[in-house]
Structures are given as C-alpha cells and as structure tokens.
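Below: the structure, in structure tokens.
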Amino acid sequence: MKKVWIDAGHGGKDSGATGNGLQEKEIVLAVSLAVKKRLEAEYGDVQVLLSRSSDVFLELAERTHKANAAGADILVSIHCNAGGGAGGFESYRYTSANSGSVKLQNVIHTEVMSAIKSFGVIDRGEKAANLHMVRESKMPAVLTENLFIDVAADAAKLKRQDVMDSIVLGHVNGIAKYLGLQKKEGAVTVEDKVNVIVNGKQIADGKLENGVTYVPLRAIGEALGAKVVWDNKTKTATVTTE
C-alpha cells in the first residue's frame, strides 16, 4: 500500500494569498480533497493522507512531523502563488533534493502542465528553494504553485470548475505515474464520465468507453415517463410509453 501525503497550504487564521475574491487556503483545500477522492477512487493500493481536511491552522513543523511519522512514500504540498507578473504554474523541490524528489517534481510538473496548458497557463518552470515542506520531509517531496491569486487572468481561471478539475487531474496523474499505481478495474474516470441531461434535469451519469457512449436507459426512460422492462433471460431491455 502506497501512502501519499497531501499538504493543503495555509488554513485557519492563515489565509495565504488573497485577491480577486479568492483565498489561497480555500483553493488549495478544494484541490487537495479532490486529489484524495479521485486517486483513491481510480487507483488500487494507495492511501491518501491529508495535513488538513478542513479550514484549520497548522504550523509547518507539525505538517512535516505528521507526514514523516506516517511513513508516507511521497509528499505533495499544494499552494497558489502571488506576486503579480504574468502568472502561471511552477513547482519547487529542495535545493539539495535527492533524485527521488527531482523525479517526483519532474513527473508532477509535466503532468499538471499537460492538463492545464490548453487554458493558456504559463509554464514558469521547475525550481529549487529552501522551503520547509520540501526540506524537512524525509520522503521525496514537491511543492506546487497553482496559478497566481493576484493576477486577474489566473484568478478567472481558478474560478472555473474545468480548470480546477484539470489541476486535480494533473496532480493525480503525476502521483500515479511516479508511484507506478494501477487503475482499478472498471473505474470510471472524469474523462470517461458523461453527464446525461433529460428535459433540463441532470440524471445518473453515463460512460464513454472506446468511443462509444453508454447511458443509463432506465433513468432516462423514467425521466421521460416511460416504462423500462428488463428480461434477464433474453438480455433485452424494452421501453414503452403505454
């Protein structure tokens, strides 16, 4: 069982960067929770542990102590940036990082940029710095800076669910690739899920598989006021409006 430690930066009395109606602590918590949910739903033999799962304040030393004590295989600290300029995405490893951290940073950085580049996000590159979260962690560690709160164009992107989903996807793909995780059989990914709407109302999800869209026949039939009968012997579904 692989253990992944996800650290949502800031929290509680520490809002992190603020601007354009956004708070860093809220954005990174949403991303962290979504990474945990998706990684554990789609991949086997992995456990995701969180520094925080709500709006609470933790000292930096407490965060790394918990991760080290848990025996996590990797640590990913998730943040948003500030400081103006053109905005963009960047990642950090410790200045004297070992090869494991260098590889982890490279894989996650590459996967996140692959997921968000279509939104016009600037790649600010893979960097090294003497940051507590990557310095005091005993396991390979990376800190990601996911767009700039105080840059209007980036803030507008962070308010879009499709951009947030892509940031999550990039982290999940990077973690899974680095750890060599295998997808669960039959797991429905975000890319495979199909939203099904009948008469303006969303019903049960469908699934896209090998270019074919499968939809929930019974749910659609009932939403249209039809009767759906299943014959298990002949494997036949019959829809009638009588």
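Kindly indicate whether any position in region 35-49 is under 14 Å from the mean Cα position of the chain (by Cα), of a type in the set (Gly, Ala, Ser) and buried (at least 23 other Cβ atoms within 10 Å of the Cβ).
No, region 35-49 contains no residue that is under 14 Å from the mean Cα position of the chain (by Cα), of a type in the set (Gly, Ala, Ser) and buried (at least 23 other Cβ atoms within 10 Å of the Cβ).
Please work out which one of (1) among the small types (Gly, Ala, Ser); (2) in contact with a Gly (Cβ under 7 Å, 6 or more places away or on another chain); (3) assigned to a loop (DSSP other than H, G, I, E, B) is the condition Ser137 fails and give its number.
(2)
Each row is one residue, and each column tells you yes or no for (1) touching a Cys at 6+ places or on another chain (Cβ under 8 Å); (2) among the hydroxyl-bearing types (Ser, Thr, Tyr); (3) modelled with pLDDT of 85 or more; (4) outside any helix (DSSP H, G or I).
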site	(1), (2), (3), (4)
Asp154	no, no, yes, no
His171	no, no, yes, no
Thr189	no, yes, no, yes
Lys207	no, no, no, yes
Val228	no, no, no, yes
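Under 6 Å by Cβ, and 6 or more places apart or on different chains, what pairs join a residue from region 10-26 that is in the same structural domain as Leu58 (by TED's automatic domain parsing) with one that is surrounded by 15 or more Cβ atoms within 10 Å (Cβ to Cβ) and part of a strand (DSSP E or B)?
Listed by first residue and then by second, the contacts come to Ser15/Gln23; Ala17/Cys80; Glu24/Cys80; Lys25/Gly11.
For residues that are closer than 26 Å to Glu42 by Cβ and in contact (Cβ under 8 Å) with a residue 60 or more places away in the chain, tally how many sit in region 125-164.
Adding up the residues that qualify gives 14.
For Val31, indicate whether it is under 14 Å from Gly170 (Cα atoms), in the same structural domain as His132 (by TED's automatic domain parsing), touching a residue at least 40 places away in the same chain (Cβ under 8 Å) and surrounded by 17 or more Cβ atoms within 10 Å (Cβ to Cβ).
Judged against the criteria, Val31 is a match.
The values are calculated or read from the model by the stated rules, or taken from the named source; none is laboratory data. Fair warning: this is a prediction, and the values are worked out from it, not measured in the lab. With ideal geometry, Cβ positions are generated from the backbone for all residues, glycine too; neighbour counts draw on all protein chains shown.
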